[in-house]
1. Go through (1) surrounded by 10 or more Cβ atoms within 10 Å (Cβ to Cβ); (2) at pLDDT below 90 for residue 5 and report which single condition fails.
2. Among the residues of the range 17-36, is any of a type outside the set (Asp, Glu), over 20 Å from the mean Cα position of the chain (by Cα) and modelled with pLDDT of 90 or more?
3. Pairs only if they're at least six apart or on different chains, beta carbon under 8 angstrom, first in the range 19-39 and free of Cβ contacts under 8 Å to residues at least 60 places away in the same chain, second of a type in the set (Val, Ile, Thr); list them, first residue then second.
4. Only one of (1) surrounded by fewer than 14 Cβ atoms within 10 Å (Cβ to Cβ); (2) modelled with pLDDT of 90 or more fails for residue 70. Which number is that?
5. Determine whether residue 41 is more than 23 Å from residue 68 (Cα to Cα), assigned to a helix (DSSP H, G or I) and modelled with pLDDT of 90 or more.
6. So which residues in the range 32-53 are among the basic types (Lys, Arg) and either loosely packed, with under 13 Cβ neighbours inside 10 Å or at positive phi (or both)?
Amino acid sequence: MKLEKREVTLNEKDTLSDMLFFEKSLAIAYREAACAVDTKEARALLSESEEGLKEVMGRLEEMLKKTPKM
């Protein structure tokens, strides 16, 4: 039996959804790391990074709302 190659295509909405999922996962990792570190400086740096992620996630969510489902 011969396996045929399947063409897999992602539409824009799928791609944005995947990006948003990974950004949320990264935000969770930043939060966990911030709770685990001992110094205020490291916590502050992780919190700043997390805030930047929240901004990106907000933009991704807006783009998802505007993107028609295919």
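1. The single condition residue 5 does not satisfy is (1).
2. Yes - at least one qualifying residue is present in the range 17-36.
3. From the range 19-39, the pairs are 23/56.
4. Failed condition: (2).
5. yes
6. 40
The values are calculated or read from the model by the stated rules, or taken from the named source; none is laboratory data. Quantities reported herein were computed from a predicted structural model and do not represent experimental measurements. Glycine also receives a Cβ, built like all others from the backbone with ideal geometry; neighbour counts cover every protein chain displayed.
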